[in-house]
Amino acid sequence: MKRILVAAALLVGSLSFLAPSSYAAPSQPAPAATQPAAQNAAPAQPLNSVVAVVNDDVITAVELAKRVHTVLMQLRQNNTPPPPLQLLRRQVLERLIVERLQLTMAANKGIKVGDEQLNAVIGRIAAQNKLTLDQFRAALAKEGVAFADFRTQIRDQIIMNDLRQREVDSQVHVTPEEVDEFLTRNAGSSNLNVEYHLGHILISVPEGASPEQVQQARAKAEKVLTQLRGGADFKQEAASYSGGQHALQGGDLGWRRWGQLPTEFANAVVTMAPGDISGLIRTSSGFHIIKLYEKRGEKREMVTQTHARHILIRTNDITSDYDARTKLSRLRDRILAGESFADLARANSEDPGSASKGGDLGWVNPGSLVPEFEKQMDALKPGQISQPFKTQFGWHIVQVLGRRQRDNTDELRQARAEEAIRQRKIEEATQDWLRRLRDEAYVEYHLNGN
């Protein structure tokens, strides 16, 4: 089951890099391996009770219990020692509060996920695990995971991702001048494309915090740092105290290129060796502690480029799939009989970007075209023409004109610089947006021990 949950986490992570991985929890008690976390547990709370009021909504004890159990399963899979249960319950409850605020906002904005889209996402999770949907459901059931709850949580993750794309991602723009300035500033830097595997702990400071609140956060951060330097497990401390969006994954940020790191992290990490833990790093969101697990360097990026051209026929109320496929088959026969591909593309192709150029797509890099098109193109030898095939844009035939090996390092460096700037802006903007959302909400706690 571990393999299934990891694959699902990767998929949800691709939906939103800040969304915590969350799945339905079994209704059965937590496995014995998780019991040490309960040594300092608060008194049992009735499952039908309310643990938090969030504006006009509530979070119940049963919701919290399910999510806590799921997080304990994930921590165990990641070999992260669980924190004391009382601390973990508070961490998970805070995550549920922020999720509930996002889902309420999404509902007010009319953001929904249809069954067709949801089924497609779950189908991809099953496929990643080389399972049919029925086999996947059986594997979840064997682990005690309710499929209906699993669907609900995946649906919620998609909705929150869509909301953040509207509220944050769509507002972030990167200009060519910013890319040029970034590359100029880091010209010759041996760190630009070095990758770092980092752990992260954030002790949050509210927006507009008073000096007393800042000092309290600093004291808490210094206490955590002292515990880490005294040998405490970094992942367990992150799961216990971090306000970062990866806290319940043990603070693991995964691999990040140096250029993708926030400036404060980038400045600190270049002086660190694997295993090192930074001092306190102050930003507008609070006090950060990072740990460098590993780092690795960059190699020259050689890619196989393909020079191709195509003819596109779109379908509509007048042109059916059969009509489009038949027309392309006839055009293909005429080309094989000696007529000019370019002339027929200019006269017939409905791709406005390439028709005027005789269907020529130029030299394309792997991954730059939709998967269905690229699969057909990659199966051809230079000079060959495909049979008609369908993509989301319509029906195509494609001809490969040539292939070449090319050092794409400079182009990739520029693309990575743009992506690094974009991700840095998105992370900062998302953190600020979530903090404002939380600070402006009315929250009333009814959790035992709080």
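A few points about this structure:
- Selection of segment 235-275 for residues being over 23 Å from Ala219 (Cβ atoms), in a helix (DSSP H, G or I) and either touching a helix residue (DSSP H, G or I) at 6+ places or on another chain (Cβ under 8 Å) or of a type in the set (Ser, Thr, Tyr) (or both) yields Leu248, Gln249, Trp258, Gly259, Gln260, Thr263, Ala266, Val269.
- Qualifying residues in segment 105-122 (those that are at pLDDT 90 or above and small (Gly, Ala, Ser)) - the one nearest to Glu167 (Cα to Cα): Ala106
- Enumerated strands (runs of 3 or more DSSP E) restricted to segment 354-423, each holding at least 2 residues that are without any contact (Cβ under 8 Å) to a residue 24 or more places away in the chain and outside the structural domain of Tyr196 (by TED's automatic domain parsing): 389-391
- Listed by position, the helices (runs of 4 or more DSSP H) enclosed by segment 111-218 that each have at least 2 residues that are over 30 Å from Thr271 (Cβ atoms), in contact with a helix residue (DSSP H, G or I) (Cβ under 8 Å, 6 or more places away or on another chain) and not β-branched (Val, Ile, Thr) are 115-128, 133-142, 147-167.
- Cβ-Cβ under 6 Å pairs, at least 6 apart or on other chains, segment 55-81 side touching a residue at least 60 places away in the same chain (Cβ under 8 Å) and over 18 Å from Gln153 (Cβ atoms), far side hydrophobic (A, V, I, L, M, F, W, C) and not in a helix (DSSP H, G or I): Asn55/Ala441
- Segment 280-312, subset under 20 Å from Lys375 (Cβ atoms) and in contact with an Asp or Glu (Cβ under 6 Å, 6 or more places away or on another chain), residue surrounded by the fewest Cβ atoms within 10 Å (Cβ to Cβ): Arg309
- Any hit, segment 399-411, residues being aliphatic (A, V, I, L, M), surrounded by fewer than 18 Cβ atoms within 10 Å (Cβ to Cβ) and at pLDDT below 90: no
- Scan of segment 304-326 for residues that are of a type outside the set (Phe, Trp, Tyr), in a helix (DSSP H, G or I) and either free of Cβ contacts under 8 Å to residues at least 40 places away in the same chain or not assigned by TED's automatic domain parsing to the domain that holds Glu372 (or both), ordered by number: Asp323, Thr326
- Only one of the numbered conditions (1) modelled with pLDDT of 90 or more; (2) closer than 16 Å to Trp258 by Cα is violated by Leu131, and that is (2).
- With respect to the conditions (1) modelled with pLDDT under 90; (2) in a loop (DSSP other than H, G, I, E, B); (3) out of contact with any Phe, Trp or Tyr (no Cβ under 7 Å at 6 or more places or on another chain), Arg76 falls short on a single one, namely (2).
The values are calculated or read from the model by the stated rules, or taken from the named source; none is laboratory data. Every value quoted in this text rests on a predicted model; they were computed, and no experiment measured them. In this analysis, Cβ positions are derived from the backbone assuming ideal geometry, glycine residues included, and neighbour counts consider all displayed protein chains.
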